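Student: Okay, handing you the structure first.
The values are calculated or read from the model by the stated rules, or taken from the named source; none is laboratory data. Note that this is a predicted model, so its numbers are computed, not measured. All Cβ positions, glycine included, derive from the backbone under ideal geometry; neighbour counts span all protein chains shown.
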């Protein structure tokens, strides 16, 4: 297992879905950064379950506790441990189906790789609930990056095949929090919500696409040839359960373009070098160019569905059926929006420190 | 900069496109593995330039030399250094355009990040030529993995919007080497070749999609929650210049599926647990399931095109035009097929060692 | 800051001396290892303060809590978080002397490096109290290593210039727990205890030397040329506050020997290759040879002493005097014995996993 | 194997004693640093063999070649590969004694750990010759550190039990290059040289102690609690073959001092906080305090001696005798002085980058 991420801004995750807590340790954050519980709680609240009819009925306060690394509302330079407690755990259902892996879920590989010793209750560390830790660390990273003027946004661009119309930054900033699906296009948002309810009613689930955007990114983030900005962002984003694809700028559609279409011409604007288009998604040669970073992640439909599915009994090695009684989101895309922001922030904070762009003490 | 990749099977790249050589150091390969120059050369030849009318006219022998780590055709346990020399370098054109970044290329960020000290000749380390080092390391990784029966394939599935028809494994194995574009569908291959020639004639370029497949992968590769198999593969693949998207299994199309469609049912076949479909691309919870790993990478059209393009003079900070006179592939997809295989092999070799599945001495 | 250690068996420390808790996360421990709180508590008790007249009067239960990673008394493969709470914190004295660094202590560098934002209460993360976390992780490592038959011992060989007579393994195993100073020589132990009490009475402190021994070490631990067994053990041991020297085998005395004296002749004994002497301390070329590993660490006298000392006011930049009122051990050597064992165990566990000598699932 | 060292200033070693070359790759050096072959050669010459009657008769030019990463005498930001070729290799003797491990040498563990596939010729990568690579990387690190005014010295303080009298910095700077043993005390230097010749005449060898000193070290190098300055320096120094002990400041002698003696009082001098003594060796809490860093390394007597020694035939598993005919230094201490400087420089350069004290582009 490898539950740490990052080189200078380093996070370490521990805790399980149905254990006592979910936690993240942030090591390497410069000293002197102002951080309050409210800074973290406001981010956590964006992924909290049970807040709308679209999400899992599991009720969790998800209230952050700061266990270390912050004194008098400032980071001390020491590792910051942030936790939320688990309260509403109902593990009985999981005990019954312990040997019946849910299709599409990590149940099977977790059981096999860890010899059956894995914490199967609620998926253990393979639960989407661990992303609450990512969000807490992301809140610290965002606060740190905000010192450089950097801003991170994410929004739902597709759910269940319903695509949002492209919106400008102003609309994204304004609309995402206004609907239950985190979409900048209000009309599409309504359709997405309806589609999720319908899928839920059918005991089924939906996937979608989230777009992350980073603005005012300093030139020079990324350490090629192996620690490219794309590569490290992708690695961080693939840690979000259910992510199965990551693309930057024109991404897969670049494969269908000509060079003359896909290349972004350079021009001088207000004394600075910029490009007139941004097919590169703000990244050239694995290094941020100063243009907005644009990344899109494909999220598969929730694997835990209420319909009866064909599976096996791993212990008895015989065919079986499973009907999942746990409490699950019919579509995790809306709650994953803030997680995409968090992983983006964590990765950029690490690169900003590696590039020497953030001092080791904030004054 | 960070020019090393991997934890236990670790590669370090050095050398530049127009310097004396391109090189890779492989550290952590178990001792006792039989490796000859022929093992590596046969892989290198697959990406060698100048072999068809579709590729760059740059002529390079690309003959591997083993500088260390191998004695009497066996790995010694010490770092293996593999190099190819550069001969056909014509750097004059690059000197002239030193301050005129090619749109879509790393010229701009390399110049800015390294304060103008970067080796601009032929793109320096940002040249696709560094992937020859990846291929050499990949040859070692493949040899190592072959001990477990693991097999890695890749093939072109799309170029310039022309998509190959799905082919079975037998056809892929047989057809890929038969055409200049590395495609398993002979008819599509012909169209792709025509399209590349046409783009070349227009001073333009094309992108495409390559699919990598790993067969007979042992269950248990991947170290969640952060070193997932998807995440580390993606990181390795994004080190290939021009890659802008990576997806696994049903990938972005999963976003449009329902859970009941996308989940892969488990069944028992020949006493083993398998899935009837493989939308997961052989990876559940960031860990290999034993099913074939399937990854697709989007490759943008070559940024170096012969048409006149709008750019800036970075030194003078004024508008400029650039017409690229260097020798470039109008489509790098065909030569990148073996590079996708190499990065896949390198990543899987690292995970196999981390999982304790390969002994430290091969006997 | 870098609060993680190890490559495959990786520990991450968080928590402060006068914060809520001291904690360690162990990531990478194979699944299926039996671990109970008692396994850890028995180690923790060896360094618990307040147990004899020789130690700090600070009273702490130091009762371990398992927060994650263990289910039904077995490791799950997920990160194991172990904590002890702080109860008996008296921080007022530290507030008063916040700007008066204790000579010989980290107060000065902590204040300067972290811009005054460091948690100064009780030394924050620079307190010897963080080694309780090392001991908890060490308990897991020892349990893991015990599967291979490996055994780790440590004992006090010198305090305040009083040297113990060399004792054989049987005596070490038997005598160390019998006295308050962890010494295998009962007579020297009495003198050491007297010397500590005397120093304490004078408001002064003593240092000493601890010897660590690892028995039944498999051949092959160590990954040269940089991750040598000596190098990684030394790095781990220097993380113990107050350690200022580390030597292996004949160590510094080797500098005065001839090669013909210092070389350990090889012989065959019971069908195995062994050496007749062990000046190498069980390590040749940075790799364990199978002979006992022998390491000695020099521990400086506790820097916090009750005498008045010359210092400066870091804020006012003026001369000052400090008289330390905190509760400190006049000699930390006795309580550090188990910490030396812990760091040795943690390092060897990491190397055993790297060498592929321990399976990823314990059955 | 792990042949890389460092986090941001990272070196990777490859090449063998009797292979084609010895090489080091330096990755992470800021761009724009002026480096010429002469800068590196002058350091290399200090450890070159065959320059005096005291060293091995092996004749090697040890002429540095820059293979990558430097353009127009400036670093480009890309990995710098530096090599020296091997010419005077006489491997026949090694073939004969392939299965007869030299007592005290890595022959035994190298053979066992790498299953007999290790390059046994001249010790392969376990030869002291690999330290030529360290010296080349050290030359780059020293050049980089010199930008901050930091200066690194080392000198022999003991050989074969002959201890140099303490000398001041001026004498150290002046005298070390004047004698064959790198000692600041001319009288002791003569005795040491005589002792080495005598040992050589007897087919024996001597060890000794080298002291490294770093001056004008900025406060704040070191990343506790695990990446302490002592820990990382020790790890780097233990990579030098034959090092068996490392101590800082008062080191092992601190174990015999009282706190009131060993603590360094703080005073204000020229507006800066300094200590009146330096028992801490310039390091408090694992972080540089701004006082000179003082480290001493114990070097064992060369294990390769000409006398007949008791060993075993590893293949036949039977007793044997070995008389080593290779060409070896009777005392490697003199040639190791510059290697101690190099490892110190490499470690400090890494920490200076980690602390953000050196810009990523040198202007």
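Student: Might you check whether a residue that is farther than 27 Å from residue D:228 by Cα and within 14 Å of chain B (Cβ to nearest Cβ) occurs anywhere in the stretch D:305-326?
Tutor: Going residue by residue through the stretch D:305-326, those that are farther than 27 Å from residue D:228 by Cα are D:305-326.
Right, trim to within 14 Å of chain B (Cβ to nearest Cβ) and you get none.
No: zero hits.
Student: Can you report the number of residues in the stretch A:176-192 which are closer than 19 Å to residue A:43 by Cβ and in a helix (DSSP H, G or I)?
Tutor: 3
Student: Which count do you get for residues in the stretch B:255-270 that are more than 7 Å from every other protein chain (Cβ to nearest Cβ) and part of a loop (DSSP other than H, G, I, E, B)? So that I can check it myself, show each step before the final result.
Tutor: We begin by selecting, within the stretch B:255-270, every residue more than 7 Å from every other protein chain (Cβ to nearest Cβ); these are B:261, B:269-270.
With part of a loop (DSSP other than H, G, I, E, B) added as a condition, the list becomes B:270.
Within the stretch B:255-270, residues that are more than 7 Å from every other protein chain (Cβ to nearest Cβ) and part of a loop (DSSP other than H, G, I, E, B) number 1.
Student: Okay, moving on. Which of (1) within 30 Å of residue B:223 (Cα to Cα); (2) touching a residue at least 60 places away in the same chain (Cβ under 8 Å) is the odd one out, the single condition residue C:41 does not satisfy?
Tutor: Every condition holds for residue C:41 apart from (2).
Student: Next up: Taking the stretch B:163-172 on its own, how many of its residues are out of contact with any helix residue (DSSP H, G or I) (no Cβ under 8 Å at 6 or more places or on another chain) and part of a loop (DSSP other than H, G, I, E, B)? Before you say what the answer is, go through the steps one by one.
Tutor: Here is the first cut: in the stretch B:163-172, the residues out of contact with any helix residue (DSSP H, G or I) (no Cβ under 8 Å at 6 or more places or on another chain) are B:166, B:168-172.
Narrowing the set further to residues that are part of a loop (DSSP other than H, G, I, E, B) leaves B:166, B:168.
Residues that pass the stated criteria total 2.
Student: Within the stretch D:36-49, can one find any residue that is at pLDDT below 95, farther than 24 Å from residue B:80 by Cα and in a loop (DSSP other than H, G, I, E, B)?
Tutor: Yes: the stretch D:36-49 contains one or more residues that are at pLDDT below 95, farther than 24 Å from residue B:80 by Cα and in a loop (DSSP other than H, G, I, E, B).
Student: Is there any pair with a first residue in the stretch A:70-84 that is at positive phi and a second that is surrounded by fewer than 23 Cβ atoms within 10 Å (Cβ to Cβ) whose Cβ atoms are under 6 Å apart and which are 6 or more apart or on different chains, and what are they?
Tutor: A:73/A:34; A:73/A:36
Student: Across the stretch A:24-34, which residue is nearest to the chain's Cα centre (by Cα) among those that are at the interface with chain C (Cβ under 7 Å from one of its Cβ atoms) and outside any loop (DSSP other than H, G, I, E, B)?
Tutor: Taking the stretch A:24-34 first, the residues at the interface with chain C (Cβ under 7 Å from one of its Cβ atoms) are A:25, A:27-28, A:31-32.
In the following step, the residues that additionally are outside any loop (DSSP other than H, G, I, E, B) were identified as A:25, A:27, A:31.
On the way: A:25: 17, A:27: 19, A:31: 26 Å.
If we take residues in the stretch A:24-34 being at the interface with chain C (Cβ under 7 Å from one of its Cβ atoms) and outside any loop (DSSP other than H, G, I, E, B), then A:25 is nearest to the chain's Cα centre (by Cα).
Student: Say whether the condition of being free of Cβ contacts under 8 Å to residues at least 24 places away in the same chain and more than 9 Å from every other protein chain (Cβ to nearest Cβ) is met by at least one residue in the stretch D:90-97.
Tutor: Initially, the stretch D:90-97 is screened for residues free of Cβ contacts under 8 Å to residues at least 24 places away in the same chain, giving D:92, D:96.
Retained after the next criterion (residues that are more than 9 Å from every other protein chain (Cβ to nearest Cβ)): D:92, D:96.
Yes, some residue in the stretch D:90-97 is free of Cβ contacts under 8 Å to residues at least 24 places away in the same chain and more than 9 Å from every other protein chain (Cβ to nearest Cβ).
Student: Kindly indicate the residue of the stretch A:274-296 that is over 19 Å from residue A:211 (Cα atoms) and surrounded by fewer than 21 Cβ atoms within 10 Å (Cβ to Cβ) and also nearest to the other protein chains (Cβ to nearest Cβ) among those meeting that condition.
Tutor: This residue is A:276.
Student: Moving on. With the checklist (1) farther than 17 Å from residue B:335 by Cβ; (2) touching a residue at least 24 places away in the same chain (Cβ under 8 Å); (3) more than 14 Å from every other protein chain (Cβ to nearest Cβ); (4) surrounded by 15 or more Cβ atoms within 10 Å (Cβ to Cβ) in hand, flag the one item residue B:153 doesn't pass.
Tutor: Exception for residue B:153: condition (1).
Student: What number goes with the only condition from (1) in a helix (DSSP H, G or I); (2) under 23 Å from residue C:254 (Cβ atoms) that residue D:133 does not pass?
Tutor: (2)
Student: Do the conditions hold for residue D:244, that is, is it in contact with a helix residue (DSSP H, G or I) (Cβ under 7 Å, 6 or more places away or on another chain), assigned to a strand (DSSP E or B) and either more than 7 Å from chain C (Cβ to nearest Cβ) or surrounded by 24 or more Cβ atoms within 10 Å (Cβ to Cβ) (or both)? Talk me through it step by step, then tell me what you get.
Tutor: On the way: in contact with a helix residue (DSSP H, G or I) (Cβ under 7 Å, 6 or more places away or on another chain): yes; assigned to a strand (DSSP E or B): yes; either more than 7 Å from chain C (Cβ to nearest Cβ) or surrounded by 24 or more Cβ atoms within 10 Å (Cβ to Cβ) (or both): yes.
Yes: the conditions hold for residue D:244.
Student: Another question, if that's okay. In the stretch D:64-122, what count of residues is obtained for those that are part of a strand (DSSP E or B), surrounded by fewer than 19 Cβ atoms within 10 Å (Cβ to Cβ) and out of contact with any strand residue (DSSP E or B) (no Cβ under 9 Å at 6 or more places or on another chain)?
Tutor: Adding up the residues that qualify gives 0.
One line per residue, one yes/no per condition, for (1) within 17 Å of the chain's Cα centre (by Cα); (2) within 30 Å of residue D:122 (Cα to Cα):
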{"residue": "B:8", "(1), (2)": "no, yes"}
{"residue": "B:17", "(1), (2)": "yes, no"}
{"residue": "B:37", "(1), (2)": "no, yes"}
{"residue": "B:42", "(1), (2)": "yes, no"}
{"residue": "B:46", "(1), (2)": "yes, no"}
{"residue": "B:53", "(1), (2)": "no, no"}
{"residue": "B:77", "(1), (2)": "no, yes"}
{"residue": "B:81", "(1), (2)": "no, yes"}
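Student: Being facing chain A (nearest Cβ under 10 Å), surrounded by 24 or more Cβ atoms within 10 Å (Cβ to Cβ) and touching a strand residue (DSSP E or B) at 6+ places or on another chain (Cβ under 7 Å), is that true of even one residue in the stretch B:336-351?
Tutor: Checked against the condition, which is being facing chain A (nearest Cβ under 10 Å), surrounded by 24 or more Cβ atoms within 10 Å (Cβ to Cβ) and touching a strand residue (DSSP E or B) at 6+ places or on another chain (Cβ under 7 Å), the stretch B:336-351 yields no hits at all.
Student: Right, another one. Just wondering, is there one or more residues in the stretch D:3-17 that are more than 14 Å from chain C (Cβ to nearest Cβ), closer than 30 Å to residue D:114 by Cα and not in a strand (DSSP E or B)?
Tutor: Within the stretch D:3-17, the first condition is being more than 14 Å from chain C (Cβ to nearest Cβ), and the residues that meet it are none.
No, the stretch D:3-17 contains no residue that is more than 14 Å from chain C (Cβ to nearest Cβ), closer than 30 Å to residue D:114 by Cα and not in a strand (DSSP E or B).
Student: If a residue has to be within 22 Å of residue B:226 (Cβ to Cβ) and surrounded by fewer than 23 Cβ atoms within 10 Å (Cβ to Cβ) to count, how many in the stretch A:18-43 make the cut?
Tutor: So the count comes out to 3.
Student: If you go through the stretch C:271-283 one residue at a time, do you hit one that is touching a strand residue (DSSP E or B) at 6+ places or on another chain (Cβ under 6 Å) and within 23 Å of residue D:274 (Cβ to Cβ)?
Tutor: No: zero hits.
Student: Conditions first: (1) facing another protein chain (nearest Cβ under 7 Å); (2) out of contact with any helix residue (DSSP H, G or I) (no Cβ under 9 Å at 6 or more places or on another chain). Residue B:200 passes all but one, so which condition is the exception?
Tutor: (1)
Student: Here is a check on your reading of the model: is residue C:221 more than 13 Å from the chain's Cα centre (by Cα), more than 7 Å from chain D (Cβ to nearest Cβ) and either farther than 30 Å from residue C:196 by Cβ or in contact (Cβ under 8 Å) with a residue 40 or more places away in the chain (or both)? Outline the logic, then answer.
Tutor: On the way: more than 13 Å from the chain's Cα centre (by Cα): yes; more than 7 Å from chain D (Cβ to nearest Cβ): yes; either farther than 30 Å from residue C:196 by Cβ or in contact (Cβ under 8 Å) with a residue 40 or more places away in the chain (or both): yes.
Spelling it out, residue C:221 is indeed more than 13 Å from the chain's Cα centre (by Cα), more than 7 Å from chain D (Cβ to nearest Cβ) and either farther than 30 Å from residue C:196 by Cβ or in contact (Cβ under 8 Å) with a residue 40 or more places away in the chain (or both).
Student: Same structure, new question: Tell me whether the stretch D:229-238 contains one or more residues that are closer than 21 Å to residue C:13 by Cα, in a loop (DSSP other than H, G, I, E, B) and either in contact (Cβ under 8 Å) with a residue 40 or more places away in the chain or more than 7 Å from every other protein chain (Cβ to nearest Cβ) (or both).
Tutor: No; the residues of the stretch D:229-238 include none that is closer than 21 Å to residue C:13 by Cα, in a loop (DSSP other than H, G, I, E, B) and either in contact (Cβ under 8 Å) with a residue 40 or more places away in the chain or more than 7 Å from every other protein chain (Cβ to nearest Cβ) (or both).
Okay, residues lined up against (1) within 7 Å of chain C (Cβ to nearest Cβ); (2) in contact (Cβ under 8 Å) with a residue 24 or more places away in the chain; (3) touching a strand residue (DSSP E or B) at 6+ places or on another chain (Cβ under 6 Å); (4) in a loop (DSSP other than H, G, I, E, B):
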position	(1), (2), (3), (4)
D:158	yes, yes, yes, no
D:174	no, no, no, no
D:194	no, no, no, no
D:211	no, yes, yes, no
D:240	no, yes, no, yes
D:253	no, no, no, no
